[in-house]
Amino acid sequence: MNRSVEFTGIRFHNPFLLSSAPPTESESNILRAFEAGWGGVVTKTIGLHPVVNVFGAKAKFMRTSPEDALVSMKKRPGAALHSSWNWELISDKTLDWWLPRIRRIKAAFPDRVLIASVMAGSGNDKELQNWQRLARECQDAGADGIELNFSCPHMDRRDMGSNIGKDQGLCSVVTEAVKEAATVPVWCKLTPATADIEVEAGACFRGGADAIVSSNTFPSIPLIDPETLEFEINVDGLVSSGGLGGPAILPQSLAKMAQLTRAFPDRSFSGIGGISDFSQALSYVLLGCGTVQVCTAAMLDQAVGPNVIKRLLAGLDAFLERNAERGWSGVEDFRGLRRDRIVPQSEIRRPDAADYHSGYEVAEGYAPPITAERQ
Ligand SMILES: Cc1cc2nc3c(=O)[nH]c(=O)nc-3n(C[C@H](O)[C@H](O)[C@H](O)COP(=O)(O)O)c2cc1C
């Protein structure tokens with residue numbers, strides 16, 4: 001039985017990573033995460049521009065229960081987690097703050113994987129050089145790989161985050177610039193807020209990306225309290241679009257991943273969104289992911305998810321044991337096994353197939369539309 005995986009040329013003790021977010025925003029958290037058993041950690045996104053977060057809470061959790069059917073940030077007994085909502089920006093610590101910490105973390109855990117998430121702007125050469133500088137300095141400090149944040153849905157600058165991830169030209173140009181500077185693997189974390197994510201992924205791959213990471217949070221706003229008529233999170237009564245994570249985004253995130261892995265079956269993907277135990281991680285792996293990442297579930301479990309990683313590892317071990325007679329001894333043996341089960345609606349069997357023409361009426365005198373079966 002083998003928990004380890006090789007992903008973009010990097011060897012991981014196990015395929016479970018903490019994603020770039022509050023669990024990975026400090027040295028002490030990252031050290032605790034490695035002690036707890038996480039195979040890898042992606043740092044909270046590091047940038048070069050000044051970062052000032054909004055007043056008050058940056059992230060909250062929504063819960064629901066069969067008794068009240070509410071989706072609400074209000075804590076009440078018996079309610080189960082629905083999602084996380086946040087409008088937190090990238091790390092408010094400087095690159096100079098991060099670099100010695102990256103060095104110390106790698107010195108303490110040389111065989112654990114530390115990926116530096118980075119973000120700069122776009123639209124001019126200076127910003128491209130900022131991306132290159134971030135990548136170069138993080139890798140020189142010991143980062144095993146670089147994750148490009150093309151995905152934060154609520155940056156306070158228009159030339160950043162998901163606005164890059166929505167523009168295939170920018171995705172390609174920024175990736176190419178970083179690849180010129182990087183000697184370690186480069187992953188691109190894309191926003192799910194586009195129509196066809198394989199378009200932006202293709203642009204990243206053309207720029208030289210070693211992997212695509214998906215999903216960041218989905219654009220969303222908090223609910224309005226029916227009593228006060230105020231948004232459940234607001235500052236002076238005002239709110240702006242933030243990001244949804246956790247269980248609520250699991251099926252949507254899987255759909256994005258299915259689009260990606262079907263479009264690029266031979267490429268590397270890291271899956272994120274709504275993972276808190278092995279059954280959910282398994283869905284991503286069966287679609288073709290080589291690693292998976294966790295945020296919301298870890299935030300709710302002593303800040304770095306010691307119980308979450310324990311469950312993920314135990315789940316993987318039990319799964320491999322259950323399937324040992326199939327000859328499966330590691331993740332590679334079942335990765336991508338269900339990728340090809342996603343087909344166009346018209347290819348799903350009907351009770352009476354003889355009269356079915358892929359949703360079209362067959363007009364007399366015209367050839368029936370071509371279905372995949374008839375091609
Ligand atoms: C409070 C908060 C802060 C986050 N900050 C970052 C960030 O700095 N960089 C990044 O790439 N993703 C960031 N994310 C997104 C997560 O890494 C992850 O992609 C998302 O939450 C979905 O995973 P989950 O369903 O496990 O939460 C953040 C998420 C939350 C909840």
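Note on the stretch 317-349: residues that are farther than 16 Å from residue 288 by Cα and either surrounded by 12 or more Cβ atoms within 10 Å (Cβ to Cβ) or within 20 Å of the chain's Cα centre (by Cα) (or both) amount to 6. Please specify each residue of the stretch 264-299 satisfying the condition of being open to solvent by 20 Å² or more (accessible area, probe 1.4 Å), of a type in the set (Gly, Ala, Ser) and under 16 Å from residue 188 (Cα atoms). The one that is open to solvent by 20 Å² or more (accessible area, probe 1.4 Å), of a type in the set (Gly, Ala, Ser) and under 16 Å from residue 188 (Cα atoms): 268. Criterion first (open to solvent by 10 Å² or more (accessible area, probe 1.4 Å), within 13 Å of the ligand (Cβ to nearest atom) and not in a strand (DSSP E or B)) does residue 192 satisfy it? Judged against the criteria, residue 192 is not a match. Of the residues making up the stretch 149-161, not a single one is away from the ligand (no atom under 13 Å from the Cβ) and either touching a helix residue (DSSP H, G or I) at 6+ places or on another chain (Cβ under 6 Å) or of a type outside the set (D, E, K, R) (or both).
Is it the case that residue 18 is among the hydrophobic types (A, V, I, L, M, F, W, C) and either open to solvent by 20 Å² or more (accessible area, probe 1.4 Å) or farther than 20 Å from residue 98 by Cα (or both)? Judged against the criteria, residue 18 is not a match. Kindly establish whether residue 174 is out of contact with any Lys or Arg (no Cβ under 8 Å at 6 or more places or on another chain) and either open to solvent by less than 20 Å² (accessible area, probe 1.4 Å) or of a type in the set (Phe, Trp, Tyr) (or both). Yes; evaluated as a whole, the condition is true for this residue.
Of all residues in the stretch 214-238, those being within 30 Å of residue 264 (Cα to Cα) and among the aromatic types (Phe, Trp, Tyr) number 1.
In the stretch 28-48, of all residues being charged (D, E, K, R) and open to solvent by 40 Å² or more (accessible area, probe 1.4 Å), the one that is nearest to residue 138 (Cα to Cα) corresponds to 32.
Keeping to the stretch 137-148, report how many residues are crowded, with 18+ Cβ neighbours inside 10 Å, more than 15 Å from the ligand (Cβ to nearest atom) and either at pLDDT below 95 or not aliphatic (A, V, I, L, M) (or both). Break it down into steps so the answer makes sense when it comes.
Here is the first cut: in the stretch 137-148, the residues crowded, with 18+ Cβ neighbours inside 10 Å are 137-139, 141, 143-148.
Within this subset, residues satisfying the condition of being more than 15 Å from the ligand (Cβ to nearest atom) are 137, 139, 141, 144.
Still in the running and either at pLDDT below 95 or not aliphatic (A, V, I, L, M) (or both): 137, 139, 144.
The total comes to 3.
Screening the candidates 110, 100 for the property of being open to solvent by 20 Å² or more (accessible area, probe 1.4 Å), more than 13 Å from the ligand (Cβ to nearest atom), closer than 13 Å to residue 27 by Cα and of a type outside the set (Phe, Trp, Tyr) yields one hit, 100. Of all the criteria given as (1) more than 17 Å from the chain's Cα centre (by Cα); (2) open to solvent by less than 30 Å² (accessible area, probe 1.4 Å); (3) of a type outside the set (Gly, Ala, Ser); (4) within 23 Å of residue 214 (Cβ to Cβ), the one not satisfied by residue 51 is (4).
The values are calculated or read from the model by the stated rules, or taken from the named source; none is laboratory data. The model shown is predicted, which means the values in this text are computed figures rather than measured ones. A quick note on method: Cβ atoms are made from the backbone with ideal geometry, for glycine too, and the neighbour counts reach across all protein chains shown. What goes into the accessible areas is simple: the full protein's heavy atoms, side chains included, and nothing from ligands, DNA or RNA. Shrake-Rupley method; radii C 1.70, N 1.55, O 1.52, S 1.80 Å.
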